[in-house]
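Only the coordinates and a few stated rules stand behind these numbers; no lab work does. Computed from a predicted model, the values in this text were never measured in an experiment. Here the Cβ positions follow ideal geometry from the backbone for every residue, glycine too, while neighbour counts run over all protein chains shown.
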Amino acid sequence: MTMLVDAAAEVATINKVKNTVIETRHLCREFGQGDTLVKALTDANITIERGEFTAIIGPSGSGKSTLLQLIGGLDTPSSGDVFLDNKNISHMTGTELSDFRRDHIGFIFQAYNLIPVLSARENIEYIMLLQGISASERKKRVDMLMHAVGLEGLGDRRPAELSGGQQQRVAVARAMVSKPSIILADEPTANLDSKTGADLLDMMKDLNEQQNMTFVFSTHDPKIMERARRIIRLVDGCVVDDERRD
Amino acid sequence: MNPQTKALPTANDRANTHKGSDSGLVARLAKRSIFRNTRRTLLTILLISCSLAAILFTDAFVRGMVNTMVKISTQTFLGEGQIHQKGFREANDIDLYIHDTTQLYQQLDEISEIEDYAPRVLSGAMTSSSENVASAIIYGVDAVKEAKVSKLKLAMTQGDYLSGVEGEIILGEQLADLLEVNLGDRLVVTVSEAHGGDLSQALFRISGLFSFNERSMDIGMAFINLSQGQTLLNIAGVHEVALRLQELNQADDKMLGFWHVLNTEQLETLSWQELVPQLSSMLAMTEYSTLIVSLIMYILVCLGLINTMFMSIFERQTEFGILLAIGTRSKQLFYQIMLEGLFIGLLSVAVGLFLAFVFCYWGSIVGIDYSELEMSGLTLNEPIYLIIDASSFALMGVATLAVTLISCIYPALHAARLQPSFAMRKTL
């Protein structure tokens, strides 16, 4: 009987490891030195499993963006480790990290941040071009995503010719097109009106549920907080609360 | 082997596919990015192309100037080469003259590279008019042959050119002024004879005046007929034979056989470069100055371009951060900036070459008037016609492209080394 319980516990642990897509261990990020030293993040230990819809909340300067940057491999931690898909990205070389971001992480930014000289379609296609995906497959995926985010017929427009909501939809499609395991979104609804923001959120929630993609938001938006299945609260660079709503 | 595994692309396949699509993507981004700020790009292209055009214009101008100066120097009187008895030039000794002129003339007639030649005798002389006395170099020349080698006949301003009649003399205008003589006036020329140095005098009547537009020549030279000059100096040969070559550049080519034939134990044959080394040095200096001007231009182009590229990069810093964040490799970003530089360089070179050709072609037809300007004792009494040199156009075009690319390396490295979080500080 004891053996059975141990085996079950071991299977549960293995399953948990298999399902873990993000894990931070004693993650710290400091800026400056001496008198100007600022501790942006202190000893953050977070584990996020596949398919979670997580919101990181906290006041301005609490370390939300720093945490997202470290998870996304956009910044290097002062100490501690970041594991994505069970790979430690903290010690990867620049090229390894670029390739890892390209293949495993999708980013959605507050200011949309599309490439202004590329059309909506080309913005979505860009990552697949980097991945060396064939033209037919690229076309198939772009068409499918343009349909999914409701941008059919707008593919040839440049970002400047799209509204804020439409640009953010392109950004969502771009983040999802490479089928990443994680999507990191920095206040994705902050620049949108409430209706557009709500629509976008519905769309992301649907994609999360249908495709089991892991979404991590940093946000102040109560609507995102309402819909998130998990809320991590940061204050002064420290994780002070981790609430699950399963 | 699992058939499914076999069907999957290998790492190499994927890398190769990457390369093809990457380069197309990078090129597309670069091409579109350079015209994002059209005004700045056009100004940059204008800066580079104008610099290139200015360098090529200077090069064509210098070539034209050198050619004009050499032509003026050689065609006025010097010739492209001269033959003397060995030691004559150093000692200016009238006893050192070429004795066997018949054999020499036969040789000269047989050398195809020599178009014409003009034998001369020369000596320092005292010229005396009824009013004044002046020193001058008196030349005895063969009127017909001299006209084919020098511009003496063309330089006549008053009276008649030498006709071979005994007693005629032509003077430089300024020498005539100094002696206060006019056409038809009498002039006594006193020289020191060869073979002993006895004084020899002869009376001449001024038949013509000339002006080479060159003060030292117009005030210091007088011409009489060769036979009378030989009689006056008591010599049977000549002191100097000026050569007119078929091509100017044959003077540079010491590999040509006639240079060896005409340099013997007795004779010394020199090209114009050796006869007036100060002119060749000045021309070499001119070429150096072109090089220095080009270098300064290229440094300015470099600085201008680095500034422009940095402005462009700082403006697009966030965008580069995004590109890096979504998986663009640093190397790809580096290539993108370099490609932007290449496109700007290609456009600039095309525009610059076109502008340079238009201006240089205009200068080669119309010429640039530099008369009244004296350089190194030479008066440029004819316009400078620019010389378009295809190899210079090709070389400078390539050099400009290279300079453009070199200028882009630093900004490109800067962009490639950006940390995404730093580049996007205002966003994520």
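Between B:Leu323, B:Leu300, B:Leu305, the distinction of being over 30 Å from B:Ala91 (Cα atoms), part of a helix (DSSP H, G or I) and within 14 Å of another protein chain (Cβ to nearest Cβ) belongs to B:Leu323 only. What's the total number of residues in the range B:338-357 that are of a type in the set (Phe, Trp, Tyr) and within 14 Å of another protein chain (Cβ to nearest Cβ)? Count: 1. In the range A:133-150, the qualifying residues are those that are without any contact (Cβ under 8 Å) to a residue 12 or more places away in the chain and within 14 Å of chain B (Cβ to nearest Cβ), and the one that is nearest to A:Gln167 (Cα to Cα) is A:Lys139. Considering (1) more than 25 Å from B:Tyr97 (Cβ to Cβ); (2) in contact with a Lys or Arg (Cβ under 9 Å, 6 or more places away or on another chain), say which one B:Glu173 fails and leave the rest. Answer for B:Glu173: the failing condition is (2).
Considering (1) of a type outside the set (D, E, K, R); (2) within 27 Å of B:Asp198 (Cα to Cα); (3) in a loop (DSSP other than H, G, I, E, B), the lone condition that B:Leu154 does not fulfil carries the number (2). Considering only the range B:328-337, state which residues are within 7 Å of chain A (Cβ to nearest Cβ) and either assigned to a helix (DSSP H, G or I) or surrounded by fewer than 24 Cβ atoms within 10 Å (Cβ to Cβ) (or both). The answer is B:Arg329, B:Ser330. Looking only at the range A:57-115, residues that are outside any helix (DSSP H, G or I) and aliphatic (A, V, I, L, M) come to 11 in all. Considered as a group, the residues in the range A:61-93 that are surrounded by fewer than 18 Cβ atoms within 10 Å (Cβ to Cβ) and under 17 Å from B:Met424 (Cα atoms) include one that is nearest to the other protein chains (Cβ to nearest Cβ), and that residue is A:Thr76.
Scanning the range B:26-45 for residues that are under 18 Å from A:Glu125 (Cα atoms) and in contact with a helix residue (DSSP H, G or I) (Cβ under 9 Å, 6 or more places away or on another chain) yields B:Val26, B:Ala27, B:Arg28, B:Leu29, B:Ala30, B:Lys31, B:Ser33. Being touching a helix residue (DSSP H, G or I) at 6+ places or on another chain (Cβ under 9 Å) and surrounded by fewer than 21 Cβ atoms within 10 Å (Cβ to Cβ) is the filter here, so list the residues in the range B:195-206 that pass it. Scanning the range B:195-206 gives B:Ser200, B:Gln201, B:Ala202. Whether a residue is of a type in the set (S, T, N, Q), more than 20 Å from B:Thr41 (Cβ to Cβ), more than 14 Å from chain A (Cβ to nearest Cβ) and not in a helix (DSSP H, G or I) was assessed, and B:Thr290 does not pass this test. The set of residues in the range A:184-193 that are away from chain B (no Cβ under 12 Å) and either closer than 20 Å to A:Ile56 by Cβ or free of Cβ contacts under 8 Å to residues at least 24 places away in the same chain (or both) comprises A:Thr189, A:Leu192. With the structure loaded, tell me whether A:Ser181 is closer than 19 Å to B:Ala325 by Cα and either more than 9 Å from every other protein chain (Cβ to nearest Cβ) or among the polar types (S, T, N, Q) (or both) or whether it fails that test. Against the criterion (closer than 19 Å to B:Ala325 by Cα and either more than 9 Å from every other protein chain (Cβ to nearest Cβ) or among the polar types (S, T, N, Q) (or both)), A:Ser181 qualifies.
Here's the yes/no breakdown for (1) assigned to a helix (DSSP H, G or I); (2) away from chain A (no Cβ under 14 Å):
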{"site": "B:Val26", "(1), (2)": "yes, no"}
{"site": "B:Asp59", "(1), (2)": "yes, yes"}
{"site": "B:Met65", "(1), (2)": "yes, yes"}
{"site": "B:Ile72", "(1), (2)": "yes, yes"}
{"site": "B:Ile83", "(1), (2)": "no, yes"}
{"site": "B:Gln106", "(1), (2)": "yes, yes"}
{"site": "B:Leu122", "(1), (2)": "no, yes"}
{"site": "B:Ala125", "(1), (2)": "no, yes"}
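Looking across the range B:150-174, the residues that are touching an Asp or Glu at 6+ places or on another chain (Cβ under 7 Å) and within 19 Å of B:Ser129 (Cβ to Cβ) come down to B:Thr157, B:Gly172, B:Glu173, B:Gln174. The selection criterion, being touching a residue at least 60 places away in the same chain (Cβ under 8 Å) and buried (at least 17 other Cβ atoms within 10 Å of the Cβ), does not hold for A:Phe100. The listed residues are B:Leu203, B:Leu171, B:Leu183, and the only one of them that is part of a loop (DSSP other than H, G, I, E, B) and of a type outside the set (Ser, Thr, Tyr) turns out to be B:Leu183.
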